[in-house]
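Scroll down for the structure; my scribbles are underneath it.
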Amino acid sequence: MSVKIRLKRTGRKKDPHFKVVVVDSRKKRDGRVIEYIGHYHPQDEFPNIVINQEQLQSWTEKGAIVSDTVRTLVSKLNKTTSKEEK
C-alpha cells in the first residue's frame, strides 16, 4: 500500500480550510483518511499552519510520500518557527 501525506479540503465555498492527512494514494482527495496530522487555514489574516512534526517524521520514516504542497507548508512553518526563536 502506497501512503501519501497530502491536503484534504474542508470548509465552504470560497472559504477553504485544509487538513493535513495521511491517506492511501489510491483514495480520492476527500476520501478515507488513515490519520490527521495537522491543518491549514489560508484565508485567515495570517495563514494558520499547524502540523505535528513528530507524526510527520514518523510517517516519512515508514515510507509515506509527502506531496509538494505539504512540503511547501512544512518549509514555511519551519521558517516562521526559526524567526520566532530569534
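The values are calculated or read from the model by the stated rules, or taken from the named source; none is laboratory data. Owing to the predicted nature of the structure, the values given are computational and were not obtained by experimental measurement. Here the Cβ is made from the backbone with ideal geometry for all residues, glycine too, and neighbour counts use every protein chain on show.
Some points to look at:
- Within the stretch 1-39, the set of residues being among the basic types (K, R), assigned to a loop (DSSP other than H, G, I, E, B) and more than 14 Å from the chain's Cα centre (by Cα) comprises K13, K14, R26, K27, K28, R32.
- Residue within the stretch 48-64 that is modelled with pLDDT of 90 or more, in a loop (DSSP other than H, G, I, E, B), over 14 Å from K8 (Cα atoms) and among the charged types (D, E, K, R) present: yes
- Residues in the stretch 56-72 that are surrounded by 13 or more Cβ atoms within 10 Å (Cβ to Cβ), under 11 Å from I37 (Cβ atoms) and not β-branched (V, I, T): L56, S58, W59, A64.
- Enumeration of residues in the stretch 15-55 that are in contact with a Lys or Arg (Cβ under 8 Å, 6 or more places away or on another chain), crowded, with 16+ Cβ neighbours inside 10 Å and of a type in the set (S, T, N, Q): none
- The listed residue being closer than 15 Å to V3 by Cβ, in contact with a strand residue (DSSP E or B) (Cβ under 7 Å, 6 or more places away or on another chain), in contact (Cβ under 8 Å) with a residue 60 or more places away in the chain and not aromatic (F, W, Y), out of S67, S25: S67
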